[in-house]
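Note sheet for the following structure.
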Amino acid sequence: MIKFVNVNKWFGHTHVLKNINLEISKGEVIVICGPSGGGKSTLIRTINKIEPIQQGEIVVDGISLANSKTDVTAIRAEIGMVFQHFNLYPHKTALENIMLAPMRVRGLNKKQAKERALRLMERVGLADKSDMYPIQLSGGEQQRVAIARSLAMEPKIMLFDEPTSALDPELISEVLDVMTSLAQEGITMVIITHEMGFAQRVADRVVFIDKGEILEVEKPSDIFVNPKHERTMEFMSKILHIPLSTNKK
Amino acid sequence: MITGVKITLLIAVVTSILSLALGTLVAVMRNSRIRPLRIAGRVYVEIFRNIPGLFWLLFFYFVFPEILPSGLGDKLNAYIYYPIVASIIALTFDNTSYVSDILRSGLRGIPPGQREAAVSTGLSRVQQYQYVLLPQTFRKVLPPLGTRMIHNFKNTSLCMAITAPELMWATQQIESLTFRGLEATTIATVFYVGVALCLGAVIILLEKHYKIDISSITQMETE
C-alpha cells in the first residue's frame, strides 16, 4: 500500500530522513515512535506529499509520488490525515467541517454529504454536537470530529500525527477508542503516538525512528519487551517508566 | 445636491466592491508560490500605495486619455460621464492597494495547519482559498477592512478635482452660484458623517454576527 525506497530528505543542511526503506501492506496498522525531532512527523507527512522529498521514491497504492504526471491532489483525497492540533475549520460547524471535502472533491450533493456527515458524527459518538463550532467542543471532541472529517472521504489510508498529544489526559481514551475501532475494520493506518498501551493492542508493527533513521521495525510484543537497539531500549524504558535491559551487556 | 449624493454613493459603492475583488486577487498573488506573481503584486501595492490618490485621479482624467491611441482618447474626453469613470478607476486602484495589504496580513495570520488540513482532504488550491483560507481572513480583518472602506468613502470627495459631480463638487457649485456655502457645506458634512457612522454600525453588526467564528479564529492562533 505504501512503499518507501531509499527516501532522503533535507531541511536546508539538516538531513532529516536518512535512507528510509519501509513497506506497509494493505490493512496494516503501523505505529511510529521515537524521540521528538527524530523525523516521525516529517516521515508521515511525506506520504501525502505535504512534505516533498529530495531523493528516493514513495509509492502509494501503486502510484509513485515522484512522477510529475501523478495527480497528487487525487492521491491526497484517498489519504486521511489527523493532526496533533486537530486543525478543524473554526468558521464552520462540526457538520460543515465534515461535509466540505465530500461535496467539493467527491461531488456529493448537500443532502448526501449531510447524511454521510451525520452518520460519521454518530460513529464517533457526537451525534448531538453536529451544529457546534469547534471552539464550543472539548479537545477530545474536536479530534473526533477531525477523524470523522477524514473518514468522510472514505480514504484507503489514515495518517495520525500525534493525535492525542495535545489532549488532557482524561480525554485521550475517547480518541483512542475511535482509532481502535477503525483499526479493527481493516483500514491501513500509520500512527505516530507515545501511547504504548494502545500501540501494544492495535499495532501490527512498531517502527522506531531516531535522528532520521529507522532503527527497528518489530512486532509490538518484541519491541517493547526485547528491543534490539540500545537507543530503542533507552527510549522505551523512559517512556514506559520501567527499566529494561538488552540481552547484551 | 441630491444628484451629488447619488454620485458620491455610486462612486463609493462601485469602488468598494471592485477594490475588494481586486484586493483579494492581489493578496492571493502576494501569497503565491510563484515568484513573478508575488513580485507583480508587490510592485502594484508599492506603486499605488505610495502615490497620493489625488495624483491618480488627475492621472486617469488628464493623462490616461492622452496615452491611448488618439481616436480612443478623444472619445473618452468627449464622454460626458468620463469624470465619474476616471474617478472610479483611480479610487479603485488606490483603495485596492490598501485592501490587499490588509487581506495579506490576515492571510498570513492563519495557522499553516488550516491549509494542511484542506490539502490533506484533497481540496485544490482554489478551493483551499475559497472555502478555508479566505472566509477566515475576511472575518479576521473585518475591523481594519471596515475602517479602510470608510476612508475610501470619504476619499470620493477628492473626485471634485476632476469635475466628477459628486457631493463635494455640488457643494462648491452651490457656494459659487448662490453664496449659500455654509448651509450646503453643513448638509454635506452631516451626510458624510451620517453615512460613515452607518458604515461603522454595519461593521460592528457583522462582527457580532461572526462573533463565534472570529473569537475561535483568534484563539486557534494563540495555541
From A:D204, A:D210, A:D222, residue being within 20 Å of A:I242 (Cβ to Cβ) and touching a residue at least 60 places away in the same chain (Cβ under 8 Å): A:D210
Check on B:R125, open to solvent by 60 Å² or more (accessible area, probe 1.4 Å) and within 14 Å of chain A (Cβ to nearest Cβ): yes
Selection count where residues are out of contact with any Ser or Thr (no Cβ under 9 Å at 6 or more places or on another chain), open to solvent by less than 10 Å² (accessible area, probe 1.4 Å) and within 14 Å of another protein chain (Cβ to nearest Cβ), scope the stretch B:134-146: 1
Single residue of the stretch A:70-101 satisfying the filter (of a type in the set (S, T, N, Q) and within 8 Å of chain B (Cβ to nearest Cβ)) that is farthest from B:K140 (Cα to Cα): A:T73
Contacts under 9 angstrom Cβ, first residue in the stretch B:50-68 being in contact (Cβ under 8 Å) with a residue 60 or more places away in the chain, partner charged (D, E, K, R), 6 or more apart: B:G53/B:D94; B:L57/B:D94
Residues of the stretch B:161-176 satisfying the condition of being closer than 13 Å to B:M1 by Cα, without any contact (Cβ under 8 Å) to a residue 60 or more places away in the chain and not acidic (D, E): B:Q172, B:Q173
Test: residue in the stretch A:45-57 that is touching a residue at least 40 places away in the same chain (Cβ under 8 Å), in contact with a Pro (Cβ under 6 Å, 6 or more places away or on another chain), within 9 Å of another protein chain (Cβ to nearest Cβ) and not in a loop (DSSP other than H, G, I, E, B): no
Residue check for A:K92: out of contact with any strand residue (DSSP E or B) (no Cβ under 6 Å at 6 or more places or on another chain), in a loop (DSSP other than H, G, I, E, B), basic (K, R) and in contact (Cβ under 8 Å) with a residue 12 or more places away in the chain: yes
A:R231, sole failed condition from (1) closer than 25 Å to A:L171 by Cβ; (2) surrounded by fewer than 21 Cβ atoms within 10 Å (Cβ to Cβ); (3) in contact with a Leu (Cβ under 9 Å, 6 or more places away or on another chain): (1)
Any hit, the stretch B:126-133, residues being closer than 20 Å to B:R42 by Cβ and at pLDDT 95 or above: yes
Residue in the stretch B:96-103 that is crowded, with 18+ Cβ neighbours inside 10 Å and in a loop (DSSP other than H, G, I, E, B) present: no
Members of the stretch A:174-224 that are in contact with a Phe, Trp or Tyr (Cβ under 9 Å, 6 or more places away or on another chain) and assigned to a helix (DSSP H, G or I): A:L176, A:M179, A:T180, A:M196, A:A199, A:Q200, A:I223
Residue in the stretch B:166-186 that is among the aliphatic types (A, V, I, L, M) and within 25 Å of B:L22 (Cα to Cα) present: no
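For (1) polar (S, T, N, Q); (2) under 21 Å from the mean Cα position of the chain (by Cα), each residue gets a yes or a no:
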position: A:G38; (1), (2): no, yes
position: A:L43; (1), (2): no, yes
position: A:T46; (1), (2): yes, yes
position: A:V60; (1), (2): no, yes
position: A:S68; (1), (2): yes, no
position: A:P90; (1), (2): no, no
position: A:R106; (1), (2): no, no
position: A:R116; (1), (2): no, no
Selection status of B:S120, over 13 Å from the mean Cα position of the chain (by Cα), more than 16 Å from B:L22 (Cα to Cα), open to solvent by 30 Å² or more (accessible area, probe 1.4 Å) and of a type in the set (S, T, N, Q): no
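Yes or no, residue by residue, for (1) touching a helix residue (DSSP H, G or I) at 6+ places or on another chain (Cβ under 7 Å); (2) open to solvent by 50 Å² or more (accessible area, probe 1.4 Å); (3) at positive phi:
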| position | (1), (2), (3) |
| --- | --- |
| A:T14 | no, yes, no |
| A:G27 | no, no, yes |
| A:R45 | no, no, no |
| A:V72 | no, no, no |
| A:I75 | no, no, no |
| A:M81 | yes, no, no |
| A:L88 | yes, no, no |
Residues located in the stretch A:105-114, provided they are part of a helix (DSSP H, G or I), out of contact with any Pro (no Cβ under 7 Å at 6 or more places or on another chain) and open to solvent by less than 100 Å² (accessible area, probe 1.4 Å): A:Q112, A:K114
Unmet requirement for A:A66, which otherwise passes all of (1) without any contact (Cβ under 8 Å) to a residue 60 or more places away in the chain; (2) away from every other protein chain (no Cβ under 14 Å); (3) touching a helix residue (DSSP H, G or I) at 6+ places or on another chain (Cβ under 7 Å): (3)
Among the candidates A:Q136, A:Q142, residue that is within 11 Å of chain B (Cβ to nearest Cβ) and surrounded by fewer than 17 Cβ atoms within 10 Å (Cβ to Cβ): A:Q136
Test: residue in the stretch B:93-102 that is small (G, A, S) and in contact with a strand residue (DSSP E or B) (Cβ under 8 Å, 6 or more places away or on another chain): no
Selected residue [within 14 Å of another protein chain (Cβ to nearest Cβ) and at pLDDT below 95] from B:I80, B:I174, B:I110, B:I84: B:I110
Test: residue in the stretch A:115-132 that is within 10 Å of chain B (Cβ to nearest Cβ), in contact with a helix residue (DSSP H, G or I) (Cβ under 9 Å, 6 or more places away or on another chain), open to solvent by less than 50 Å² (accessible area, probe 1.4 Å) and more than 20 Å from A:T180 (Cβ to Cβ): no
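The values are calculated or read from the model by the stated rules, or taken from the named source; none is laboratory data. Quantities reported herein were computed from a predicted structural model and do not represent experimental measurements. Cβ sites come from the backbone with ideal geometry, for glycine too, and all protein chains shown count toward neighbours. Keep in mind that these areas ignore ligands, DNA and RNA; they rest on the heavy atoms of the full protein, side chains included. Shrake-Rupley method; radii C 1.70, N 1.55, O 1.52, S 1.80 Å.
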